[in-house]
Amino acid sequence: MGSTERFPLQFASLPCLGGGRIGWREAGAAHPGAVALVLLHGIGSGAASWQAQFEAFGSQRRVLAWDAPGYGESAALPDDAPLGADYALALSQWLAAAGVQDMVLVGHSLGALMAAAWAADWTAQPGPRPRARLRALVLACPARGYGRAEPAAREAKWRERIEAIERHGPAGLAAARAANLCTPDAPAEVVEHVRANMARITPRGYAQAAHLLAHDDLASRLGRIDRAATALHVIAGALDRITPPEACAELAREAHAPFTLLPGAAHACYVEQPAAFDDALARVLATVATPASAAL
């Protein structure tokens, strides 16, 4: 899958992390006038998983992917039971620190919940909005969350994830679960790329993200987004066993959003089928291009 050495980690201190730092990787810093592409990973991944997208889009625009709070070398959130608003605040502060002003925001799996929480706050926040202008929100294999389940069921989902990370540790969890995010015939290097990124999770960051998954609800967030200002798109893998394509298509119908199905792709769609995924992203970016942007 190549090396991420060309996209080294960068850091900024965030007030919401108590002055702790957030880490991210990026490409295309020489294109500040173009609409930026901001990428949020899922519960078992990290910034380095987006390498193919750095390579595909970095020649035309700035591309940034964070290690979410508690992931990689990023400091954890102070609250061990966070919700979407906590991640949205961290995202706002990171975007400001990175100087992102105009963007398309992509959230994969649990990253879709984080992205939607930020997008809803961008619409609903009283007074000045977060600095970055949101042109489009792309939800890839989105996790809907269990926020509408009964309280006991939500707690059980959270405890299940905590017990898994405590029992197996990051490396063991990655070894056990990486293949489930790929198709059965995925190349070995694809599965290894997924495993290596999952192995970089931290127990506390994973447990916090698991709380978000267990207690938040994606659909309620989407209902608060100003669709006149922000386009919404849903992408799914046809062979996804984690967030099945039928559920993703239903979400798109509920939200009246365009839906793209990627044949031959499982949950780790942007890693296993980067050409098809990038083509779908390019079509979104083309709809929000500005004169300063390079045509895709």
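Whole Å is fine, so just give me how far the alpha carbon centre of region 55-119 lies from that of region 182-214.
Here the answer is 17 Å between Cα centres.
What ratio of Cα Rg to 2.2 N^0.38 Å holds for region 130-196?
On the way: Rg = 16.5 Å, N = 67, 2.2 N^0.38 = 10.9 Å.
Output field value: 1.52.
Rounded to the nearest 5, what is the percent of antiparallel bridges among the DSSP beta bridges in the chain? Spell out each step's value before the answer.
Numbers: 10 of 34 bridges.
Counting DSSP beta bridges with both partners in the chain, the antiparallel share is about 30 percent.
Quantify how much of the Cα-Cα distance distribution of region 215-296 extends past 23 Å, in percent.
Numbers: 974 of 3321 pairs.
Counting every Cα pair in region 215-296, those more than 23 Å apart make up 29 percent.
Ranked from highest to lowest mean number of other Cβ atoms within 10 Å per residue, what is the order of the peptides 63-75, 225-237, 179-191, 263-275?
Numbers: 63-75: 25.3, 225-237: 19.5, 179-191: 16.3, 263-275: 22.7.
Ranking the peptides 63-75, 225-237, 179-191, 263-275 by packing returns 63-75, 263-275, 225-237, 179-191.
Could you work out the local net charge near MET114, counting Lys and Arg as +1, Asp and Glu as -1, over the other residues with Cβ closer than 14 Å to its Cβ?
-3
Taking 8 Å as the Cα distance limit and 6 or more residues as the minimum spacing, I'd like the relative contact order of the chain as a percentage. Each step should come with its number before you reach the end.
Details: 640 pairs, mean separation 61.4, N = 296.
Worked out over the chain, it gives 21 percent.
On full extension of the chain, what length is gained from SER13 through ALA229, given 0.36 nm per residue of separation minus the C-alpha to C-alpha distance? Before the final figure, lay out each step's value.
Values: separation 216, 0.36 × 216 = 77.76 nm, distance 3.00 nm.
Length difference between fully extended and current span is 74.8 nm.
In 10 Å bins starting at 0, how do the alpha-carbon pair distances of region 13-287 split up by percent?
7, 32, 40, 19, 2, 0
Where the only charges are on Cβ atoms (+1 Lys, Arg; -1 Asp, Glu), what is the dipole of region 13-287 about its Cα centre, to the nearest 20 debye?
Values: 25 positive and 27 negative charges, 104 e Å.
So the dipole magnitude of region 13-287 works out to roughly 500 debye.
Between ALA179 and HIS256, what is the spin-label point distance in nm, taking each point 7 Å from the Cα along the Cα→C-beta axis?
Placing both labels 7 Å along Cα→Cβ, they lie 4.5 nm apart.
Every number in this text was worked out from the coordinates using simple rules, so none of it is lab data. What you see is a predicted model, and the numbers here were worked out from it, not measured in a lab. Glycine also receives a Cβ, built like all others from the backbone with ideal geometry; neighbour counts cover every protein chain displayed.
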